[in-house]
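One structure is given here, and the rest of the page talks about it.
The values are calculated or read from the model by the stated rules, or taken from the named source; none is laboratory data. Values in this document were obtained by computation on a predicted structure and should not be read as measured data. Cβ: placed from backbone, ideal geometry, glycine included. Neighbour counts: every protein chain shown.
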Amino acid sequence: MKRIYLDYAATTPTHPEVVKSMLPYFTDAFGNPSSIYSYGQEAKGAIEEARVKVADLINARDEEIIFTGGGTEADNFALKGVAFASENRGNHIITSSIEHHAVIETCKFLERRGFSVSYLPVDEYGLVNPADVKKAITDKTILISVMHANNEMGTIEPIAEIGKIAREAGIYFHIDAVQTVGRIPVDVNELGVDLLSMSAHKLYGPKGVGALYIRKGTKLIPFMHGGEQERRRRASTENVAGIVGFGRAVELAQQEMSDEAERLTYLRAQLIKGLLERIDHTRLNGHPVNRLPNNVNISVDYVEGESMLLNLDLEGICASTGSACSSSSLESSHVLLAMGLSPEQAHGSLRLTLGKWTTREEIEQVLDVLPRIVAKLRAMSPLLKSHR
Amino acid sequence: MHDLWSLYSEKVMEHFKNPRNVGEIDNPDGIGHVGNPVCGDIMELYIKVSDGTIVDAKFKTFGCGAAIATSSMVTEMVKGKSIGEALEISNRAVAEALDGLPPIKMHCSVLAEEALKSAIEDYLIKSKGG
């Protein structure tokens with residue numbers, strides 16, 4: 001059976017061009033970038049080239065890019081790094097209630113270490129209100145962290161407005177841009193951010209590599225100790241091949257982003273329209289317009305997400321859900337609940353995220369298959385009867 | 001082959017794909033209603049009893065693959081059993097009949113046992129009252 005991959009927000013296949021760019025760094029150019037002889041300098045040069053490319057994509061300076069082991073590490077680094085470097089100035093952090101666990105769990109950790117955290121609510125579309133950010137600021141606030149776009153329901157947050165507020169108050173501003181870098185334009189100066197997390201494997205790069213943008217002058221403690229690498233902020237021998245692949249992925253993204261965003265926005269609209277028309281008692285989660293070009297998230301009343309996923313998988317379609325049953329925690333999506341969805345609606349959510357190899361035919365296939373799956377599950381749902 | 005499939009035994013998937021005894025029974029002798037929307041599992045189990053024997057059982061379930069499979073299995077297991085025998089069906093027995101469940105899904109088998117017990121209780125109350 002031909003498989004249809006619609007979970008590009010979880011990860012993307014590594015672009016063949018990216019794989020090609022990485023290969024020499026496993027073999028001929030295997031050197032340690034810290035070595036002074038030619039092998040080392042070759043590797044060092046390749047890292048610096050990648051750094052320029054990543055910096056270019058977000059309008060940063062190359063010395064402001066620190067390579068990490070991924071998006072989660074970048075989030076951890078930003079939050080802990082600023083928190084522990086700012087203890088003499090304050091202990092208050094502002095974030096939102098819909099952040100990725102990499103931010104939320106790090107905040108929880110910091111709370112246990114004596115920091116206090118405000119988790120701002122969101123509206124029905126998942127938008128943070130910049131006025132709420134302003135109100136939450138105290139003289140102890142050291143950091144504001146709000147994600148650029150949400151990984152589950154795709155809403156793009158009013159980052160530039162929050163950036164202005166943070167700048168006026170003189171508070172560091174971090175954004176988790178893992179879902180946006182390479183998909184929509186990201187400019188650290190227009191957005192007014194001091195720290196920005198990104199990940200390679202969400203933009204057709206390899207897994208296990210990401211970066212944290214750190215605006216020049218931002219004070220934060222190193223994430224790892226034990227070497228001179230990454231301006232002493234992240235010790236450890238660099239993941240040379242991964243970083244080179246990240247650089248190549250960024251280069252490709254820069255070339256293809258605007259055409260690809262347009263193509264995916266069209267397919268997204270077709271998919272949303274088709275699903276809402278063909279399946280009754282269904283709602284779109286997230287903002288209808290201010291959303292990632294590739295994200296579709298719907299709640300299908302009366303059915304549970306994992307049972308939809310299993311049935312879709314039987315038809316070769318890979319998707320994702322915010323239902324508890326798909327996770328080991330048995331808690332349904334904190335994002336959807338924060339937007340005011342009922343637990344049933346959160347359990348009945350389905351996320352389909354599109355990407356480079358998504359075709360119109362695949363979208364039509366989903367539109368053909370999903371209504372049948374929902375009908376089958378609704379026929380055995382005790383919820384439907386009680387709503388009649 | 002697939003990640004989602006590797007979570008479940010073939011038997012679980014077979015019952016998930018072709019669930020037995022889906023639906024409601026007209027004028028049932030007992031109804032069990034368990035679970036809650038917060039956890040994402042709701043089970044309704046209907047039984048028909050004749051001369052102290054469960055002659056028919058049907059279910060309706062909102063839940064994950066394991067919830068649907070355990071509902072299907074428990075309705076199969078209970079048919080033809082006396083009330084006394086049916087009360088002895090444990091969640092472990094349901095899970096074992098499905099060739100096991102992943103640890104995080106064991107609560108689904110508990111729910112199936114509870115649904116059955118609740119349907120029998122309902123039957124016992126009704127038959128006493130009637």
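Okay, here's what the table says:
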{"item": "Positions within region A:166-188 being over 20 Å from the mean Cα position of the chain (by Cα) and surrounded by fewer than 21 Cβ atoms within 10 Å (Cβ to Cβ), in sequence order", "result": "A:167, A:168, A:169, A:170"}
{"item": "Residue list for region B:48-76, filter: over 10 Å from residue B:115 (Cβ atoms), β-branched (Val, Ile, Thr) and in contact with a helix residue (DSSP H, G or I) (Cβ under 6 Å, 6 or more places away or on another chain)", "result": "B:49, B:54, B:68"}
{"item": "Residue list for region A:136-165, restricted to those being of a type in the set (Val, Ile, Thr), closer than 25 Å to residue A:296 by Cα and crowded, with 24+ Cβ neighbours inside 10 Å", "result": "A:146, A:155, A:159"}
{"item": "Any hit, region A:358-380, residues being among the basic types (Lys, Arg), part of a loop (DSSP other than H, G, I, E, B) and free of Cβ contacts under 8 Å to residues at least 24 places away in the same chain", "result": "no"}
{"item": "Unmet criterion (only one of (1) under 29 Å from residue A:1 (Cβ atoms); (2) facing chain B (nearest Cβ under 10 Å); (3) assigned to a loop (DSSP other than H, G, I, E, B)) for residue A:307", "result": "(3)"}
{"item": "One residue from A:73, A:124, A:105 being without any contact (Cβ under 8 Å) to a residue 12 or more places away in the chain and under 26 Å from residue A:8 (Cβ atoms)", "result": "A:105"}
{"item": "Criterion violated by residue A:292 - all others in (1) within 13 Å of chain B (Cβ to nearest Cβ); (2) in contact with a strand residue (DSSP E or B) (Cβ under 7 Å, 6 or more places away or on another chain) satisfied", "result": "(1)"}
{"item": "Filter result for residue B:49 (touching a Lys or Arg at 6+ places or on another chain (Cβ under 9 Å), more than 28 Å from residue B:7 (Cα to Cα) and of a type in the set (A, V, I, L, M))", "result": "no"}
{"item": "Positions within region B:71-96 being over 18 Å from residue B:20 (Cβ atoms) and assigned to a helix (DSSP H, G or I), in sequence order", "result": "B:83, B:84, B:85, B:87, B:91, B:92"}
{"item": "Considering residues of region A:184-205 that are in a loop (DSSP other than H, G, I, E, B) and in contact with a strand residue (DSSP E or B) (Cβ under 7 Å, 6 or more places away or on another chain) only, the residue farthest from residue A:160 (Cα to Cα)", "result": "A:203"}
{"item": "Matching entry among A:117, A:19 (being touching a Cys at 6+ places or on another chain (Cβ under 7 Å), of a type outside the set (Ser, Thr, Tyr) and in contact (Cβ under 8 Å) with a residue 12 or more places away in the chain)", "result": "A:117"}
{"item": "Those residues of region A:228-243 which are within 20 Å of residue A:197 (Cβ to Cβ), touching a helix residue (DSSP H, G or I) at 6+ places or on another chain (Cβ under 8 Å) and of a type in the set (A, V, I, L, M), in sequence order", "result": "A:243"}
{"item": "Selected residue (criterion: nearest to the chain's Cα centre (by Cα)) from residues of region A:23-56 that are in a helix (DSSP H, G or I) and of a type in the set (Val, Ile, Thr)", "result": "A:54"}
{"item": "Every pair of residues 6+ apart whose Cβ atoms lie under 8 Å, when the first sits in region B:56-74 and is under 18 Å from residue B:104 (Cα atoms) while the second is in a strand (DSSP E or B) and β-branched (Val, Ile, Thr)", "result": "B:62/B:42; B:63/B:42; B:67/B:61; B:68/B:61; B:71/B:61"}
{"item": "Members of region B:8-65 found to be surrounded by fewer than 17 Cβ atoms within 10 Å (Cβ to Cβ), among the small types (Gly, Ala, Ser) and more than 8 Å from every other protein chain (Cβ to nearest Cβ), listed by number", "result": "B:50, B:52"}
{"item": "Residues that are within 23 Å of the chain's Cα centre (by Cα), under 30 Å from residue B:21 (Cα atoms) and either outside the structural domain of residue A:292 (by TED's automatic domain parsing) or not in a loop (DSSP other than H, G, I, E, B) (or both), drawn from region A:336-357", "result": "A:345, A:346, A:347, A:349, A:350"}
{"item": "Exclusive hit being assigned to a loop (DSSP other than H, G, I, E, B), modelled with pLDDT of 95 or more and within 26 Å of residue A:40 (Cβ to Cβ), set A:227, A:208", "result": "A:208"}
{"item": "Pair list, Cβ under 9 Å, 6 or more apart: region A:250-270 residue closer than 19 Å to residue A:22 by Cα, other residue surrounded by 14 or more Cβ atoms within 10 Å (Cβ to Cβ) and of a type in the set (Phe, Trp, Tyr)", "result": "A:252/A:204; A:253/A:204"}
{"item": "Residues located in region B:66-104, provided they are over 14 Å from the mean Cα position of the chain (by Cα) and within 11 Å of another protein chain (Cβ to nearest Cβ)", "result": "B:102, B:103, B:104"}
{"item": "Residue check, residue A:319 among the small types (Gly, Ala, Ser), away from chain B (no Cβ under 14 Å) and surrounded by fewer than 24 Cβ atoms within 10 Å (Cβ to Cβ)", "result": "no"}
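Here is a yes/no grid of residues against (1) among the acidic types (Asp, Glu); (2) more than 15 Å from residue A:197 (Cα to Cα):
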site: A:5; (1), (2): no, yes
site: A:23; (1), (2): no, yes
site: A:28; (1), (2): yes, yes
site: A:37; (1), (2): no, yes
site: A:58; (1), (2): no, no
site: A:86; (1), (2): no, yes
site: A:89; (1), (2): no, yes
site: A:101; (1), (2): no, no
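So that you can scan it fast, the table gives a plain yes or no per residue for (1) in the same structural domain as residue A:76 (by TED's automatic domain parsing); (2) assigned to a strand (DSSP E or B); (3) of a type outside the set (A, V, I, L, M); (4) on the phi > 0 side of the Ramachandran plot:
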{"position": "A:93", "(1), (2), (3), (4)": "yes, yes, no, no"}
{"position": "A:110", "(1), (2), (3), (4)": "yes, no, no, no"}
{"position": "A:118", "(1), (2), (3), (4)": "yes, yes, yes, no"}
{"position": "A:128", "(1), (2), (3), (4)": "yes, no, no, no"}
{"position": "A:131", "(1), (2), (3), (4)": "yes, no, no, no"}
{"position": "A:135", "(1), (2), (3), (4)": "yes, no, yes, no"}
{"position": "A:143", "(1), (2), (3), (4)": "yes, yes, no, no"}
{"position": "A:151", "(1), (2), (3), (4)": "yes, no, yes, no"}
{"position": "A:162", "(1), (2), (3), (4)": "yes, no, no, no"}
